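Colleague: The following block contains the structure, expressed as structure tokens.
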Amino acid sequence: MSGEPREKIEAEICQILTETWAPLGADVSSADAAGRYAAYAHEVYSLLARGASDTQIARRLHLAERDELSHPELTTRDLTPLTQQLRAIERRI
């Protein structure tokens, strides 16, 4: 187990989601987006800690885009660049 606190890693995941994933785009300020994405950062951390595949992570985020954030048009985009960034963090979990 990593010596880094979960909160620190989740904050980093949240930053990546805000900058790279960003399904809310310009709809909200970056501070509000970070607040809204914090719950997803928590979920992504848990997925990474359990050894979820890239596909499982992308499916969860696409589900959020479609059902929770009301942007179904985004569910076909490739999240490979995002999952690659998340994999770099996974090593520290």
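No lab work stands behind these numbers, since they all come straight from the coordinates. Note that the structure is a prediction, hence the values are computed from the model and not measured. Cβ: placed from backbone, ideal geometry, glycine included. Neighbour counts: every protein chain shown.
Colleague: With Cβ to Cβ distances under 11 Å as the rule, what net charge do the other residues near GLU73 carry (K, R +1; D, E -1)?
Modeller: +1
Colleague: In the neighborhood of SER46, defined by Cβ-to-Cβ distances under 13 Å, what is the net charge if each Lys or Arg adds +1 and each Asp or Glu adds -1?
Modeller: Computed value for this residue: 0.
Colleague: What net charge do the residues around ARG6 carry, taking every other residue with its C-beta under 12 Å from that of ARG6, with Lys and Arg at +1 and Asp and Glu at -1?
Modeller: Summing Lys and Arg as +1 and Asp and Glu as -1 gives -2.
Colleague: Then there's this: So if we plug the beta-carbon distance of ASP54 and GLU4 into 1/(1 + (r/R0)^6) with R0 = 22 Å, what FRET efficiency do we get, rounded to 0.05?
Modeller: The pair ASP54/GLU4 has a calculated efficiency of 0.50.
Colleague: Also: Note down the relative contact order for the chain as a percent, whole number, built from C-alpha pairs under 8 angstrom at least six residues apart.
Modeller: Result for the chain is 40 percent.
Colleague: Sticking with this one: Can you work out ³J(HN,Hα) from phi for every residue in the range 11-25, in order, using Karplus 6.51 cos²θ - 1.76 cosθ + 1.60 and θ = phi - 60°, giving whole Hz and x for Gly and Pro?
Modeller: 4, 5, 4, 4, 4, 5, 4, 5, 8, 9, 7, 6, x, 7, x
Colleague: Another question, then. Quickly estimate the mean residue ellipticity at 222 nm for the chain, helices only: each DSSP H run with n ≥ 4 gives -39500 (n - 2.57), and the total goes over all residues, rounded to 500.
Modeller: Calculated at 222 nm, the ellipticity per residue is -17500 deg cm²/dmol.
Colleague: Let me ask another. Based only on Cα atoms, what Rg/Rh ratio does the range 6-90 have, Rh being taken as Kirkwood's radius?
Modeller: Rg/Rh for the range 6-90 comes to 0.93.
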